[in-house]
Amino acid sequence: MSLEEARSSQKNPSQDGIYIIHKHRSRTLHYDLRLEVEGALASWAVPKGAPLNPADRRLAIRVEDHPLDYAEFEGVIPEGEYGAGPVMVWDSGTYAALKDEPPADSLARGRLDVFIRGQKLRGAFALIRTSRGDARNWLLIKMKDDHTRRGGHITEEAPRSVKTGLTLDEIESQAAD
Ligand code: MN
């Protein structure tokens, strides 16, 4: 599906929301996917980052919503605070829900399909709540479209901040100066 098709398939194409992925090293390295929903950033911690191959199903752990003004945060969360460690704006842009219903309703039902327009990621993705085990467990899946890829790892090919061009280590060492 092209961007134009994704847009025209929406009844309300002007209602795009903020899309952000923070690269965050706290106890472990992970990628926090954040989507603007009803005035906040709905968030998932994705240990392996977003997939480009529809065959890859990436665990995405739903975590607490963040305020909208956290979207552009880059720096180091101090020792002793929750999530202590360096945070990078790994990707940013906008997203559009692909179904004609409020994203909050889609989340409540356990599946949100979106078209992401980021600087690194592009295309249709599905967030699907798993029925087994921990209720916070979702899967992030690349839907088939022109932006699908079979090989490679976008996290390794594009490791730097889209905001500053820094690596996570550089963000950490700058804060220590
Ligand atoms: Mn995090």
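The values are calculated or read from the model by the stated rules, or taken from the named source; none is laboratory data. Since the model is a prediction, treat every value here as computed from it, not as a measurement. Virtual Cβ from ideal backbone geometry, glycine too; neighbours counted across all protein chains shown.
Set side by side, the residues Thr167, Thr94 differ, and just one is more than 18 Å from His30 (Cα to Cα), surrounded by fewer than 18 Cβ atoms within 10 Å (Cβ to Cβ) and of a type in the set (Ser, Thr, Tyr), which is Thr94. When Val63 is tested against (1) under 21 Å from Arg25 (Cβ atoms); (2) touching a Phe, Trp or Tyr at 6+ places or on another chain (Cβ under 6 Å), only condition (2) is not met. Taking the stated definitions as given, is His30 closer than 18 Å to Ala84 by Cβ and crowded, with 19+ Cβ neighbours inside 10 Å? Judged against the criteria, His30 is a match. With respect to the conditions (1) touching a Gly at 6+ places or on another chain (Cβ under 9 Å); (2) within 14 Å of the ligand (Cβ to nearest atom), His66 lacks only one, and its number is (1).
Residue pairs whose Cβ atoms lie under 8 Å apart, sitting 6 or more positions apart in sequence or on different chains, and linking a residue in the range 136-154 that is under 19 Å from Ile21 (Cα atoms) to a partner that is surrounded by 14 or more Cβ atoms within 10 Å (Cβ to Cβ) and among the hydroxyl-bearing types (Ser, Thr, Tyr), are Asn137/Thr130; Trp138/Thr130; Leu139/Thr130; Lys142/Thr148. Only one of Thr94, Thr167, Thr148 is in contact with an Asp or Glu (Cβ under 7 Å, 6 or more places away or on another chain), farther than 15 Å from Val46 by Cβ and of a type in the set (S, T, N, Q). Can you tell me which? Being in contact with an Asp or Glu (Cβ under 7 Å, 6 or more places away or on another chain), farther than 15 Å from Val46 by Cβ and of a type in the set (S, T, N, Q) holds for just one of Thr94, Thr167, Thr148, which is Thr94.
Counting only strands (runs of 3 or more DSSP E) that fall entirely inside the range 70-177 and contain at least 2 residues that are at pLDDT 95 or above and within 16 Å of the ligand (Cβ to nearest atom), the qualifying elements are 75-77, 85-97, 137-142. Summed over the range 73-98, residues that are under 17 Å from Arg117 (Cβ atoms) and of a type in the set (D, E, K, R) total 1.
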